[in-house]
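To keep things clear, I will list the structure first and then write my remarks on it.
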Amino acid sequence: MPWTVADIPDQTGRTVVVTGANSGLGLITCRELARRGARVIMTARDTAKGELAADGIRSAVPSAQVEVAALDLADLASVREFAGAFDTLAPDGLDLLVNNAGVMAVPRRTTADGFELQFGTNHLGHFALTGLLLPALLRRTAPRVVTVSSGVHKAGRMNFDDLQGEKRYRKWGAYAQSKLANLLFAFELDRRAEGSALVSLAAHPGYASTNLQGVGPAMSGSKAAAWVVGLGNSVLAQSADMGALPQLYAATSPEARGGTYIGPDRLFEQRGHPKVVSSTKAARDPKSAERLWRASEELTGIHYPDTFLTTE
């Protein structure tokens, strides 16, 4: 039988952080984890929108333990502020981090720290957040990190000589690079986690109807592109509820293994129920992963200790 939200195990006692939680896949992930008893910390750049989303979850799931916290992944000061307050927010630690937030195919913009927006938000923000929350994760007995990538990673390549797209910028190329970076990070984190309780997985939603596709056309002011996106979402895309299944499986299934990549099982991974899927050879390249890791530490100023995941 295909895996569905009905297969999510009891989450009572688990504390969860989901980025990009006020809409789309993040919102559904929060709702379903809360439905199964998790305490869910919904992070959002706009906390007013986050509170509206949380109210919607409470209406659907009266027993939900959800709360909203401000987090802007495009601003390392915001990432540090959120992580710095986390021990007060959850002194017992963190069981699950879902690195879900992202931007897609936008005109070239920069983050508060001067990074290209897609690379800075999709990868560097999550790299910094995970590193800063690592002590909280390691306080728990079975912590997980799930990083959301995309099938578009297959078109990506790491341009280490121009990670920020300063010499040449193509919005889809930058998006593909950021999604490849997500996989390199997820798999490298799992390698570094060997010997500890922490596991790191990746997931992708296939083609799911969310607000993500509309941001690029809106920023560029293209009505034609916005119309095409709207048509595709209404005719071709699967629902956001279905699109969230792979990351929910990765986040909760006892059968999910570290270092795996979960995606839909039908129509060239564009729709369907969760299964283990393959990634490109580039996504599994340990040399590229190590190079990206070093570059990410240098750019963010967040340094993961070499032995941070070894047990006594």
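Cβ-Cβ below 7 Å, separation at least six or inter-chain, first residue in the range 95-116 and more than 27 Å from ILE41 (Cβ to Cβ) and open to solvent by 10 Å² or more (accessible area, probe 1.4 Å), second assigned to a loop (DSSP other than H, G, I, E, B) and among the aromatic types (Phe, Trp, Tyr): which pairs?
Matching pairs, first to second residue: ARG108/TYR169.
Just give me the residues in the range 135-157 being open to solvent by 10 Å² or more (accessible area, probe 1.4 Å) and part of a helix (DSSP H, G or I), in sequence order.
Correct list: PRO135, LEU138, GLY151, VAL152, LYS154, ALA155.
Identify all residues within the range 184-198 that are hydroxyl-bearing (Ser, Thr, Tyr) and in contact with a strand residue (DSSP E or B) (Cβ under 8 Å, 6 or more places away or on another chain); write none if there are none.
In the first step, residues of the range 184-198 are kept if they are hydroxyl-bearing (Ser, Thr, Tyr); the result is 196.
Matches in the range 184-198: none.
Could you go through the range 205-216 and let me know if any residue there is at pLDDT 95 or above and open to solvent by less than 40 Å² (accessible area, probe 1.4 Å).
Yes: one or more hits.
Restricted to the range 168-189, and to residues that are more than 18 Å from GLY125 (Cα to Cα) and touching a residue at least 24 places away in the same chain (Cβ under 8 Å), which residue is farthest from the chain's Cα centre (by Cα)?
Keep residues of the range 168-189 that are more than 18 Å from GLY125 (Cα to Cα), which gives 168-173.
Checking which are touching a residue at least 24 places away in the same chain (Cβ under 8 Å) leaves us with 169, 171-172.
Numbers: TYR169: 23, LYS171: 19, TRP172: 18 Å.
Among residues in the range 168-189 that are more than 18 Å from GLY125 (Cα to Cα) and touching a residue at least 24 places away in the same chain (Cβ under 8 Å), the one farthest from the chain's Cα centre (by Cα) is TYR169.
In the list ALA289, ALA250, ALA237, ALA244, which residue meets the criterion of being open to solvent by less than 80 Å² (accessible area, probe 1.4 Å), of a type in the set (Gly, Ala, Ser), closer than 29 Å to ALA136 by Cα and out of contact with any Pro (no Cβ under 9 Å at 6 or more places or on another chain)?
Numbers: ALA250 fails: out of contact with any Pro (no Cβ under 9 Å at 6 or more places or on another chain); ALA237 fails: closer than 29 Å to ALA136 by Cα; ALA244 fails: out of contact with any Pro (no Cβ under 9 Å at 6 or more places or on another chain).
Answer to the selection: ALA289.
Take the range 165-200 and flag every residue that is over 15 Å from ALA289 (Cα atoms) and open to solvent by less than 20 Å² (accessible area, probe 1.4 Å).
We begin by selecting, within the range 165-200, every residue over 15 Å from ALA289 (Cα atoms); these are 165-176, 194-199.
Within the range 165-200, GLY165, ALA174, TYR175, ALA176, LEU198 qualify.
Across the range 41-66, what is the number of residues that are loosely packed, with under 14 Cβ neighbours inside 10 Å and outside any loop (DSSP other than H, G, I, E, B)?
Of the residues in that region, 4 qualify.
From (1) within 28 Å of GLY272 (Cβ to Cβ); (2) touching a helix residue (DSSP H, G or I) at 6+ places or on another chain (Cβ under 7 Å); (3) open to solvent by 10 Å² or more (accessible area, probe 1.4 Å); (4) among the aromatic types (Phe, Trp, Tyr), pick out the condition that doesn't hold for PHE160.
Unmet condition: (1).
Among residues belonging to the range 84-117 that are within 16 Å of GLN177 (Cβ to Cβ) and of a type in the set (Gly, Ala, Ser), point out the one that is nearest to the chain's Cα centre (by Cα).
It comes out as GLY102.
Out of the range 285-312, which residues are modelled with pLDDT of 95 or more and among the polar types (S, T, N, Q)?
The answer is SER288, SER296, THR300.
The values are calculated or read from the model by the stated rules, or taken from the named source; none is laboratory data. Treat the numbers as computed from the prediction; the structure is a model and nothing was measured. Heads up, the Cβs are rebuilt from the backbone with ideal geometry, glycines too, and the neighbour counts pull from every protein chain shown. Side chains included, ligands, DNA and RNA excluded: accessible areas come from the protein's heavy atoms. Shrake-Rupley method; radii C 1.70, N 1.55, O 1.52, S 1.80 Å.
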